[in-house]
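Working notes, beginning with the structure itself.
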Amino acid sequence: MTEKANILLVDDREDNLVALEAILEPLGQNLIRANSGEEALRRLLVHDVAVILLDVQMPELDGFETAALIKQRAKTRAVPIIFVTAISKDEQHVFRGYSTGAVDYIFKPFNPDILRSKVAAFVELYQRGRELQQQAELLRERELVAARRESEQRYRALADAMPQIVWTAGPDGKATYYNRRWFEYTGLEPGPVEGSEWIEFIHPDDLKRTVEHRRETLASGEAFEIEYRIREAGGGYRWHLGRAVPLRRATGEIDFWVGKATDIDAQKRNEHAQDFLLRADDVLAGSLDYRRTLQSVAQLAVSEIADWCAIDLIESDGTIRSLAVTHSDPAKTAFARELRERYPPNQESGAVVETIRTGEPQLVADIPEEAVETAAVDELHLDLLHELGLRSYMCVPLLIRDQTVGAITLVAAESGRRFGDADLRLGQELARRAAIAIDNARLYRQAQERAQAARVLEAVGDGIMLLDADGVIRLWNAAAATITGIRRADVIGRRAAEAWASFAQAAPRVPIGSSGSPAAAETVPIEAGERELWLSISGVDFEDGIVYAFRDLTNERALEEMRQDLVATVSHELRTPLAAIYGSALTLRRSDLQLDEGLQEKLLDVIAEESERLTDIVDDLLLVSQLDAGKRDVQIEQCDAPELVQSVIESARTHLPKGVDVRFERPADLQPVAADSGQLRQVMENLVDNAVKYSPDGGEIRVFLEPADRHLRFAVIDRGLGIPSSERGRIFEKFYRLDPGMTRGIGGTGLGLYICRELVRRVNGRIWVEPNDDGGGSVFYVEIPFAESRVRSAA
Ligand code: ADP
């Protein structure tokens, strides 16, 4: 059906317009009226008009002027104008009408039918022209659509050939097209595009910000750009860089969006891996407790690069011990630990054992279904294994200086990850750093232990010397310095053979490889500085060298020697009188001999004297044991010293050997001393006896007394053998004799001076010896407090 045409009726008089409308009504077209030339022009701006009926006589702009203006406009130039006039019937007028472009001239009063048929003819002409024009337009449009379709197909072919994901979307953001790559990547069946299917392929963690950013860019018309993970057909996610730009129409509004997503997964994972390793480093450097830090690393791994992480270490006894088993979900972690306990990694086979045995990493990118089926676990756990959805795993060795100390196992499961070579490299790098941390922690602990051991060694009483593999002294403790008198600074860093040559020669050989079991200690004489020491030495070989421990047994050795001497001396001392007694008794008993009385008397005297000597020796031994046990009582009283000395000397004189004389200068007016008189007598007897005994070549012995401050000093001076200065202290020791071998034939037990010292000490006195400057020999001094001063000081 043709659309209605517009007919413009222009007249300044209302009744004329009404009349024209009445006449043209039956044509069934749109009648548009205008009351003036201006209004007619305005209407023509808005409407397309098939024919204009224009009144000639109008105020202001008349019909001719109006027609002239209409003809000036290109758009209205062709519109037929029929002038309607009542007055201007003259030729000139009519001519003017035609020259302004009128197609007809109608005079009033006019025949309505003629007017109507004339107008109808113009309308039909107009409509015909319109139809033709529309047909032409239609034709052009069809051609256009065909051309566009062709270009779109070409464009799509291009898009399909692209390796990236490409899509288009309408101004509302709904996808209108995806290229082939999209379908290949996502595994979706190519088919009609619904528009928002992409949403379900975005990683849940990236979805919110993606949708928000999309909404913003749709509103602003700015380019859309974002990094997100898109799920691939296998279920894994890969990082993409998504970009979309709007294409606009000439008018400026958005026609559609073109977008593409480029795979940036490798680059992104690399960044992520670097970032992960940095964080792992932080954790590893956090503490020297490597067991704890490795557990933290496992925790970090499950939140970043794997779904499961297990770390196993080799114990010192060679067994594999599980150090960490972790999943980001604590419930699953508990299950895995249980599984680990039930099926520890110490089996014949298995990735961990294999990796630890070979030191080679293992990567299984795709765990075959059957692997789970054949796992050596019971049915309950088998179900659980299925549930875990293990997909891929790798096991990397922890290597310290080419030695495998454990392994890190990383497993991919529910995240849909699948490990590849890049992941294996990351795992190895993680293991490398973890191994360094373990090594550092162990070295530190060893250093600590050594430092502690060194402190202990420093404190022990035995001398400790450590030689390294080259025989250089590396440790020399305080006791070693004290025992030997050799300063640490003089030996450390030097070879033992140079620094302490006599040790190197005399020390017991330590069997190499005796590691841990020291050779039995040997006691050997060794020179150290000026002295000769008896050292008990034991040595043990250990991985870094030899440690020697030595103890100073010089004193014990001397004591031991003394004891041996004593046994010899005492038995000799006992045997001599016994032999005399025995001999005398045998002689007396002989019946075949007639002994004269004098001889008999003499033999009996020998028996009596020697028995007395025996008793003395036994008494001395008894007294020493009582003194040592603190069982000897002391009766302190006032003693008259000159009297006491006088009587000692008198009894000595009864049996002086030839050539010996004892002199005593008895002083007048001496205060009494405070002592046990019996014991003081014993002291003096002993000193005088010794003086006589050790003057084998004879000589005068002098005894004198003199006050010395609060003490009375006794002096016994002989011209005998004398005593070397180095031995002067020692002769007061128990059993000590200058000449234990009795080369000069002078017997004794070595107890006399010991007894003297002990007795003198008990009454707060003192005893010592000095050389006799006047003619050789010795001077023994004894000082005993005066009774007076003792009473006074006590008061
Ligand atoms: P003993 O005389 O029984 O051996 P003593 O204890 O009385 O034991 O003396 C210890 C040692 O001291 C003696 O063996 C001797 O070597 C030395 N001695 C003691 N008195 C003298 C002295 N007057 N002159 C030289 N040496 C002495």
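The values are calculated or read from the model by the stated rules, or taken from the named source; none is laboratory data. For clarity, every value in this text was computed on a predicted model and none was experimentally measured. Cβ atoms come from the backbone with ideal geometry, glycine included; neighbour counts cover every protein chain shown. Only protein heavy atoms, including side chains, enter the accessible area calculation; ligands, DNA and RNA are left aside. Shrake-Rupley method; radii C 1.70, N 1.55, O 1.52, S 1.80 Å.
Check A336 against each of (1) open to solvent by less than 40 Å² (accessible area, probe 1.4 Å); (2) within 19 Å of the chain's Cα centre (by Cα) and name the one condition it does not meet.
Going through (1) open to solvent by less than 40 Å² (accessible area, probe 1.4 Å); (2) within 19 Å of the chain's Cα centre (by Cα) one by one, A336 breaks only (2).
Among the residues of segment 622-642, are any touching a Pro at 6+ places or on another chain (Cβ under 9 Å), hydrophobic (A, V, I, L, M, F, W, C), at pLDDT 90 or above and part of a helix (DSSP H, G or I)?
Within segment 622-642 (the criterion being touching a Pro at 6+ places or on another chain (Cβ under 9 Å), hydrophobic (A, V, I, L, M, F, W, C), at pLDDT 90 or above and part of a helix (DSSP H, G or I)), the answer is yes, since at least one residue qualifies.
Could you list, in sequence order, all residues of segment 754-768 that are without any contact (Cβ under 8 Å) to a residue 12 or more places away in the chain and either within 11 Å of the ligand (Cβ to nearest atom) or polar (S, T, N, Q) (or both)?
Answer for segment 754-768, where residues must be without any contact (Cβ under 8 Å) to a residue 12 or more places away in the chain and either within 11 Å of the ligand (Cβ to nearest atom) or polar (S, T, N, Q) (or both): there is none.
Sort out which residues of segment 660-693 are more than 16 Å from the ligand (Cβ to nearest atom) and in contact with a helix residue (DSSP H, G or I) (Cβ under 8 Å, 6 or more places away or on another chain), and write them in order of number.
Correct list: F664, R666, P667, L670, Q671, P672, V673, A674, D676, S677, L680.
Given the conditions (1) within 43 Å of the chain's Cα centre (by Cα); (2) at pLDDT below 95; (3) open to solvent by 20 Å² or more (accessible area, probe 1.4 Å), and given that V245 satisfies all but one, which numbered condition is not satisfied?
Of (1) within 43 Å of the chain's Cα centre (by Cα); (2) at pLDDT below 95; (3) open to solvent by 20 Å² or more (accessible area, probe 1.4 Å), only one is false for V245: (1).
Would you confirm, using the coordinates I've provided, whether R229 is in contact with a Gly (Cβ under 7 Å, 6 or more places away or on another chain) and either under 22 Å from Y185 (Cα atoms) or surrounded by fewer than 19 Cβ atoms within 10 Å (Cβ to Cβ) (or both)?
no
Being surrounded by 13 or more Cβ atoms within 10 Å (Cβ to Cβ), aliphatic (A, V, I, L, M) and within 51 Å of the chain's Cα centre (by Cα) is the filter; apply it to segment 167-208 and report the residue that is nearest to R417 (Cα to Cα).
I202
Yes/no per residue for (1) farther than 24 Å from L566 by Cβ; (2) in contact with a helix residue (DSSP H, G or I) (Cβ under 6 Å, 6 or more places away or on another chain); (3) buried (at least 21 other Cβ atoms within 10 Å of the Cβ):
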position: G698; (1), (2), (3): yes, no, no
position: I701; (1), (2), (3): yes, yes, yes
position: F704; (1), (2), (3): yes, no, no
position: A708; (1), (2), (3): yes, no, no
position: I731; (1), (2), (3): no, yes, no
position: F735; (1), (2), (3): no, yes, no
position: I767; (1), (2), (3): no, yes, no
position: D774; (1), (2), (3): yes, no, no
position: G777; (1), (2), (3): yes, no, yes
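With respect to D312, is the statement that it is closer than 30 Å to R357 by Cα, touching a Pro at 6+ places or on another chain (Cβ under 6 Å) and open to solvent by less than 20 Å² (accessible area, probe 1.4 Å) true?
In short, yes.
Looking at segment 690-732 only, could you name the residues that are assigned to a strand (DSSP E or B) and on the phi > 0 side of the Ramachandran plot?
G699 - this is the single residue of segment 690-732 that is assigned to a strand (DSSP E or B) and on the phi > 0 side of the Ramachandran plot.
Which pairs have Cβ atoms under 6 Å, sit 6 or more apart or on different chains, and link a residue in segment 313-330 that is more than 23 Å from L300 (Cβ to Cβ) and free of Cβ contacts under 8 Å to residues at least 60 places away in the same chain to one that is open to solvent by 20 Å² or more (accessible area, probe 1.4 Å) and charged (D, E, K, R)?
Close Cβ pairs (under 6 Å, with a partner that is open to solvent by 20 Å² or more (accessible area, probe 1.4 Å) and charged (D, E, K, R)) amount to E315/R321.
Condition check: more than 10 Å from the ligand (Cβ to nearest atom), among the hydrophobic types (A, V, I, L, M, F, W, C), more than 60 Å from the chain's Cα centre (by Cα) and farther than 22 Å from S647 by Cα. Does A708 satisfy that?
Yes.
Give the residues of segment 40-74 that are in a helix (DSSP H, G or I), open to solvent by 10 Å² or more (accessible area, probe 1.4 Å) and not β-branched (V, I, T), sorted by residue number.
Those that are in a helix (DSSP H, G or I), open to solvent by 10 Å² or more (accessible area, probe 1.4 Å) and not β-branched (V, I, T): L41, R42, R43, L45, E65, A68, L69, K71, Q72.
Give me the residue from segment 671-685 that is assigned to a loop (DSSP other than H, G, I, E, B) and open to solvent by 40 Å² or more (accessible area, probe 1.4 Å) and, out of that set, modelled with the lowest pLDDT.
By that ranking, first place goes to Q671.
Does S647 fit the bill of being within 16 Å of the ligand (Cβ to nearest atom), small (G, A, S) and surrounded by fewer than 17 Cβ atoms within 10 Å (Cβ to Cβ)?
no
Does V779 qualify as being within 22 Å of C639 (Cα to Cα), touching an Asp or Glu at 6+ places or on another chain (Cβ under 8 Å) and either near the ligand (Cβ under 9 Å from one of its atoms) or in contact (Cβ under 8 Å) with a residue 12 or more places away in the chain (or both)?
It is false that V779 is within 22 Å of C639 (Cα to Cα), touching an Asp or Glu at 6+ places or on another chain (Cβ under 8 Å) and either near the ligand (Cβ under 9 Å from one of its atoms) or in contact (Cβ under 8 Å) with a residue 12 or more places away in the chain (or both).
What number goes with the only condition from (1) in a strand (DSSP E or B); (2) open to solvent by 30 Å² or more (accessible area, probe 1.4 Å) that A668 does not pass?
Going through the list (1) in a strand (DSSP E or B); (2) open to solvent by 30 Å² or more (accessible area, probe 1.4 Å), A668 breaks only (1).
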